[in-house]
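What follows is a set of notes on a single structure, which appears directly below.
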Amino acid sequence: MTEVFIDDGRCFACGPYSADGMHLRFEPDGERGVRAEITLPQRFQGWQGIAHGGIVMTLLDEAMAHACGAIGERAVTASTEVRFRGAVLLGRPLVVRGEVLWKRRQVIGVKASVAFADGTLLASAEGSFVSRGPLGKERYGIPDAAPIVGGP
C-alpha cells in the first residue's frame, strides 16, 4: 500500500477550506513548539456551555502534530494519553500549545495543553507521533514528499 500525505487545506482542525472546521492557526512558540488561540463556538458543545471532549482532544492532537511540523517533520499520531483537568468552556479565549520533547529515529515524543488565556490548565496530553518524512515547502494540494510505502 502506498500513502501520499497531501495537505489540501480541508483539515477539520486547521484547514482554511474546511467549511465546518476550527480554522486553528499555529505560530512558533520557542524552538520546538507552537501555539494557537481560539474561542470555541456553541457548535462544538458537549454538555451545555462546555466543549465536547472529542473537540478538546482534537485541539491537543493538532497542537502535537503542528509541533512535529515545527521541527520539520510530517508526522501522524501513534498514541496519545489525555488528561482533563477542568471544563473547557465555550465562548472563552483559549490558548493551545504543543511541544516536541524528543525524537528517536522516526518516533517523536510530544506534549500539548489547552488553557484559558489566564494560564489555567484545562487539559493536557502526551503522545508519540511517527514521522512520514520531512515537511515540504509546498502547500495545499501538491504532494511535497515521496509516497510512503507501507501502512502506519
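Each reported figure results from applying straightforward, stated rules to the coordinates on display, with no laboratory input. Please read all numbers here as calculations on a predicted model, not as lab measurements. Counting neighbours? That spans all protein chains shown, and the Cβs are built from the backbone with ideal geometry, glycine included.
Just a few scattered comments:
- Per-residue Cβ neighbour rank within 10 angstrom, fewest leading, M57, M64: M57, M64
- When you count the other C-beta atoms within 10 angstrom of each residue and take the mean per peptide, 33-39, 87-93, 103-109 line up highest first as 33-39, 87-93, 103-109.
- Positive minus negative residues near I55 (Lys, Arg vs Asp, Glu; Cβ under 15 Å): -1
- Nearest 10 degrees, 0 to 90: helix 53-70 Cα axis against the chain principal axis: 40 degrees
- Once the Kirkwood radius over Cα pairs is known for the range 47-135, the Stokes-Einstein relation at 37 °C and 0.692 mPa s delivers a diffusion coefficient of 249 µm²/s.
- For the range 22-98, averaging the sequence separation of C-alpha pairs within contact (under 8 Å, six or more residues apart) and dividing by the residue count gives a relative contact order of 44 percent.
- Normalising the average separation of contacting C-alpha pairs (under 8 angstrom, six or more residues apart) by the number of residues puts the relative contact order of the range 47-135 at 36 percent.
- Across the chain, C-alpha contacts under 8 Å between residues 6 or more apart give a mean separation that, scaled by the residue count, equals a relative contact order of 28 percent.
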